[in-house]
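What follows is a short report on a single structure.
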């Protein structure tokens, strides 16, 4: 008695499912086996890498070669026929150990103005108007129309004489400075007093040049 078609289909379907499960299970078993082998190999390789030792490589040093010697100078014959062939140059001896001489002292300024304290200043006899009366206006300055003031420092000694003068404010090279100094020297002075004692002092004397 033959089986019905429906029953045969059910049996074939069951067999297919069973075969699929067996094949799937076999594939899974094979995959797990292969994965274990790969993991073991990677662990062994990493362990072997840790055992490697790193050595320092010494730096290479290049040897410095000595510079080549300088080329010898070759004498060149001179075209001047008047020079003797056996002429030699004398050696110049320089003593580098000897110390140079010290520099000379600066020149002393005899016209240096040193102010001395006093109780009474020096006074020209007749007042400062006497200096203006003694003033001779230079002809060059008069023609050029030069006007202004010349300031002169004058040193008056204990006898009332003008011993030194120094122009500190000038009107230029027109003769006014010399005329101012001459007017100051032509006047007699009363000396400065320091505790009723005559002293030599410097004083500033203005001299005015005015055209009338």
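Of note:
- Gain upon complete extension [residue 129, residue 211; 0.36 nm per residue less C-alpha separation]: 27.9 nm
- Additional length obtainable on full extension of the chain from residue 188 to residue 66, 0.36 nm per residue less Cα span: 35.1 nm
- Nearest-0.05 FRET efficiency for residue 169 and residue 119, computed from C-beta distance (R0 45 Å): 0.95
Quick note: the coordinates plus some simple rules give every number you see, no bench work behind them. Note that the structure is predicted; figures quoted are calculated from it, not measured. Don't worry about glycine lacking a Cβ; one is built from the backbone with ideal geometry, like all the others, and counts go over all protein chains shown.
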